[in-house]
Amino acid sequence: MLKIFYTLLLTFIPIFIAVDAIGNIPLFISLVAGKTKRERHRIILDSVATATALAVIFMLVGKWILRLVGISIADFQIAGGALLFILSLRLIFPHGQKNLFSDSRDMDVGVFPLGTPLITGPAVLTTTLILRDNFGFVPTLVSVVANMLVTWIVFLNAGLVLRFFGEAGSRAISKVMYILLAAIGIMMIRKGIMALIVL
C-alpha cells in the first residue's frame, strides 16, 4: 500500500509541476474576463476535457509514434528534458506566456490556449510519456486524471485563490514551479544520457 502511494506521489508531482494550475491563474482570469459565470464554467470544462484527452491519447500512442520514426526513449528523454529546461527558462521571464496568448481573448479559449498548450503542453506530454515508461500506464493515468481534477477545482475557484495568494504570490509560486521544472528537465537529460551509454 505504501509502495503504491509512493509511486502515485512520484508520478503526481512532476505532472503537477508541469501543469502549474496555480501559476496559470492570472492568465486564466485575463482570458475569461468579461465572460458570464456559465460561460466560464463551460470554458473550464472544455479546457480540462481537452487537456485530459490530449495527455491520455499521447500516453497511448506516443511511444508507438516514437518507434515508427525510430526514436528511442533515451532520445526522447534527452530531447524532452532539453525542451523542459528551455521552456522553464522562457516561462520564468514575464514575457514568456503573455506574448504567446495575447490575441486569444476573442477565441473559444477553452480548447486553445487553455486546454493546450496552457494545461497540456510540451512539458506535460513529455513528462507523462517518461513517467509511463518509468512507472507504468496506470499510475501515470491516475496522476494525470488527479491533476486535471485539481486544475478544474483551481480554475473554478480562481478568484478565491488569487485573492488568497495575491497576484504577486501566484507569480512567485509559478517561478518556483518553473525552477523545479528546469531541474526535472536536467534529470531527464541525465537519465537519457546514462541510458544511451548503457546501450
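Just so it is clear, none of the values below were taken in a lab; they were calculated from the coordinates. Just so it is clear, the structure is predicted and the values come from calculations on it, not from any experiment. Ideal geometry is used to build each Cβ from the backbone, glycine not excepted, and the neighbour counts take in all protein chains shown.
Of the peptides 164-170, 113-119, 20-26, the order by per-residue mean of other Cβ atoms within 10 Å, starting with the highest, comes out as 113-119, 20-26, 164-170. Each Lys and Arg contributes +1 and each Asp and Glu -1, all at the Cβ; summed about the Cα centre of the chain, the dipole is approximately 240 debye. In degrees between 0 and 90, to the nearest 10, how far off the longest principal axis of the chain does helix 37-68 point, with axes built from Cα atoms? The two axes meet at around 10 degrees.
Computed from backbone phi, the HN-Hα couplings of the stretch 186-196 come to 4, 4, 5, 4, 4, 5, x, 5, 4, 5, 5 Hz, rounded to whole numbers (Karplus: 6.51 cos²θ - 1.76 cosθ + 1.60, θ = phi - 60°; Gly and Pro given as x). Hey, if you drop one equal point scatterer on each alpha-carbon of the chain and run the Debye formula without solvent, what base-10 log of I(q)/I(0) do you get at q = 0.17 Å⁻¹? These q points yield log10 I(q)/I(0) values of -1.15. Taking the longest Cα principal axis of the chain as reference, the axis of helix 2-19 is set at about 60 degrees.
Here the 3J(HN,Hα) profile of the stretch 133-141, calculated from phi with Karplus coefficients 6.51, -1.76 and 1.60 at θ = phi - 60°, is 5, 8, 10, x, 6, 4, x, 5, 4 Hz, Gly and Pro shown as x.
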